[in-house]
Amino acid sequence: MTPDIVIIGSGIGGATIASALAGSGARITILERGEHLTATPESRDARAIFVNGHYRPKEMWREGDGTEFNPGNYYYVGGNSKFYGAVLLRYRKEDFAALEHFGGVSPAWPFPYEELEPWYSKAEQLFRVRGQLGEDPTEPFHSQPYPFAPVPDEAPIARARAELKALGLHPASLPLGIDIDAWLKDGRTPWDAFPNTGAGKVDAESGPLALALADPDIELVTGAHVDTLEASPDGKSIAAVTYTRNGEARRLSPKLVILAAGAINSAAILMRSAPGRGLANSSDQVGRNFMSHNSSAMLAIHPFRRNDSVYQKTLMLNDYYLTGGKGGKPLGNVQLLGKINGDILKANAPAFAPKLALDFMAGHAVDWYMMCEDLPDPESRIMVDGKGIIIQWQRSNMETLSGLEAVMKENFRAAGYPIVLSRPFDKRTPSHQCGTVRMGNDPATSPLDVFCRSHDHRNLFVVDGGFLPTSAAVNPALTIAAQALRVADHIRRGELA
Ligand SMILES: Cc1cc2nc3c(=O)[nH]c(=O)nc-3n(C[C@H](O)[C@H](O)[C@H](O)COP(=O)(O)OP(=O)(O)OC[C@H]3O[C@@H](n4cnc5c(N)ncnc54)[C@H](O)[C@@H]3O)c2cc1C
């Protein structure tokens, strides 16, 4: 039977919108290219994950100069969220207005923070977020408290919190979608970049998808690789979705199509669907404005003090989020990484680096993540070459990252860590990909309207990281989920009313 709605992708955007359309009476098919992840010895093995790339896809992408790489972009039910750090943090209120950075202006969103606020609260309930209001100086208004108390700091992290406070800073609990007891029951490891094969992490599959699939009108089809969307003869709507499953070409012609294959793959599907300019692209912005944060890892090392944390990832610092750079410009967010060990360092170190030394460093370091805003640039592009994907990522605003690194190195040294090392994250893992199918009021400059509907095709929505007009300097998943809930409400009041 032909479904009313086809959702392409079961990650944060696709699963969240499916959960919010459940119970509407609409027959919904979710086409997901991946399969379910199951528990195996590799799922809690840092070497298998970080050194052997066990979960990476068997595909190669290319950079603008032709260099091939194997991307850290994950194709499973639940998408990239199966591996995510489960930080579920709101954009700050100021991120919705134009904000001047070193590298240029971060443009205003087409609506203010207040428009998304109720949906952020609903998304926090949906993802069962653990957090604490009132600690962070940049915290925007919350109409509801977090549904659960924060994940506790381990002893070395409680000490780091006190050290930062003693410097006059405002460390705050990271809002997290983690049931720490359930996570640790399956293995004493961090969760950041580890796959969730149980109930410990609230990801797209264990959270919203599970709710959606309780509705008998919603079905999930795995191993369904969407190839193209076909426009109707008058070009005003999408007439069909074509996909391949078990080597067989198939097609569906639903009333509504919700594309949620992730910022890179959604842009690629649209580009492949109409060779030349691409589909839904009268603005010529599909595939442009690709952003993925400027970020680095920073190890604050105390050679005489072991960090025996298991998970570590419970703190953030936003003292430099809005100001702190030269001339009072914004710098970014600082948050803990999942605890790093010698294997993880080995995966990123030169081959000659001795493993014993790396084990020692990792065992004595508190590991931080510096995250700064990447600004939209039409020349920062996703392109396709047949079935291949080309990422021509134009880095922007890098002065902000070096500014944040400099000030945090000073802080960590002042807090008593004599050795502080940093290293930028590389391009092969576009974890925070966004911006490639952005929303806006003007069809001439944005492919989507403010409800993520294509300006060109009335029955096409794109609800994944692609719609984000700016990257801000916080992790994207909660904002994608909040907007997915807002779009679902719009569809229920319109098409499904
Ligand atoms: C290691 C890691 C850590 C991260 N940590 C955090 C964090 O702590 N907090 C945070 O906010 N964000 C984090 N992120 C980013 C977060 O996971 C993404 O922002 C989020 O998953 C994006 O949601 P999405 O709906 O855009 O895409 P995804 O969740 O990636 O979903 C896209 C889905 O589409 C499917 N798909 C792709 N192509 C096709 C096709 N052709 N046909 C059918 N299906 C297709 C994919 O298999 C996938 O299931 C992290 C990411 C990684 C990789």
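The numbers here are math on the coordinates, done by the rules we state, and not lab data. Bear in mind that the values here come from a model prediction, so they are computed numbers and not experimental data. Here the Cβ is made from the backbone with ideal geometry for all residues, glycine too, and neighbour counts use every protein chain on show.
So, R0 is 22 Å and r is the distance between the beta-carbons of LYS185 and ALA162; what FRET efficiency does that work out to, to 0.05? Spell out each step's value before the answer.
On the way: r = 29 Å, r/R0 = 1.32.
Between LYS185 and ALA162 the formula returns 0.15.
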query: Volume per residue, Å³, of the convex hull around the alpha-carbon atoms of region 26-156?
result: 251 Å³
field: Binned Cα-Cα distances of the chain, short to long, each 20 Å bin given as a whole percent
entry: 24, 59, 16, 0
field: Percent RCO, i.e. relative contact order, over region 296-410, from Cα pairs under 8 Å lying at least 6 residues apart
entry: 29 percent
query: What is the spin-label model distance, in nm, from ARG413 to ARG251 if the labels are put 7 Å beyond Cα along the C-beta direction?
result: 6.5 nm
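So for region 450-497, averaging the separation of alpha carbon pairs under 8 Å that are six or more residues apart and normalising by length, what relative contact order in percent results? Intermediate values should be presented prior to the final figure.
On the way: 24 pairs, mean separation 16.0, N = 48.
So the answer I get is 33 percent.
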query: Nearest 10 degrees, 0 to 90: what angle lies between the long axis of helix 113-126 and the longest principal axis of the chain (Cα atoms)?
result: 80 degrees
- prompt: Can you flag which of LYS82/LYS313; LYS58/LYS82; LYS122/LYS165 are past 21 Å Cα-Cα?
  reply: LYS122/LYS165
task: Taking the chain as the reference, fit the longest principal axis to its C-alpha atoms, fit the long axis of helix 477-493 to the helix C-alpha atoms, and give the angle between the two in degrees, 0 to 90, nearest 10.
output: 30 degrees
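Subtract the Cα-Cα distance of ALA347 and GLU135 from 0.36 nm times their separation in residues, and report this length gain in nm to one decimal.
72.8 nm
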statement: Checking rank on 287-293, 96-102, with mean other Cβ inside 10 Å and highest first, the result is 287-293, 96-102
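Apply the a/c threshold of 1.5 to the C-alpha gyration tensor of region 212-263 and tell me whether it is rounded, prolate or oblate. Numbers along the way, then the final one.
Values: a/c = 1.87, a/b = 1.32, b/c = 1.42.
Oblate shape, in that a/c is at least 1.5 and b/c is the bigger or equal ratio.
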statement: Once both label points are put 7 Å beyond Cα along the C-beta direction, the ALA406-ARG305 separation in nm becomes 2.6 nm
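Specify whether the C-alpha gyration tensor of region 93-184 places it in the rounded, prolate or oblate class, a ≥ b ≥ c being the square roots of the eigenvalues: rounded for a/c under 1.5, otherwise prolate if a/b is larger than b/c and oblate if not. Show your work: numbers first, answer last.
Details: a/c = 2.44, a/b = 1.31, b/c = 1.87.
Oblate.
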- request: Give me the distance in nm between label points sitting 7 Å out from Cα along the Cα-to-Cβ direction at GLU219 and ARG395, one decimal.
  value: 4.8 nm
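Please compute the length gained on full extension between ALA48 and ALA357, using 0.36 nm multiplied by the number of residues separating them and subtracting their Cα-Cα distance. Before the final figure, lay out the partial values.
Details: separation 309, 0.36 × 309 = 111.24 nm, distance 2.04 nm.
Gain on stretching ALA48 to ALA357: 109.2 nm.
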- line: Rounded to one decimal in Å, the inverse mean reciprocal Cα-Cα distance for region 141-200, i.e. its Kirkwood radius, is 13.7 Å
task: May I ask for the angle, rounded to the nearest 10°, between helix 263-273 and the longest principal axis of the chain, with both axes built from Cα atoms and the value confined to 0 to 90°?
output: 30 degrees
- request: Would you list which lysines come within 21 Å of LYS355, measuring only between C-alpha atoms, while excluding same-chain residues fewer than 8 positions from it?
  value: LYS339, LYS346
- prompt: What order, most packed first, do the peptides 476-487, 196-207, 214-225 have when packing is the mean number of other Cβ atoms within 10 Å of each residue?
  reply: 476-487, 196-207, 214-225
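In whole percent, what relative contact order does the chain give with Cα contacts below 8 Å and a gap of six or more residues? Display every interim value, and only then the final one.
Values: 1211 pairs, mean separation 116.8, N = 497.
Answer for the chain is 24 percent.
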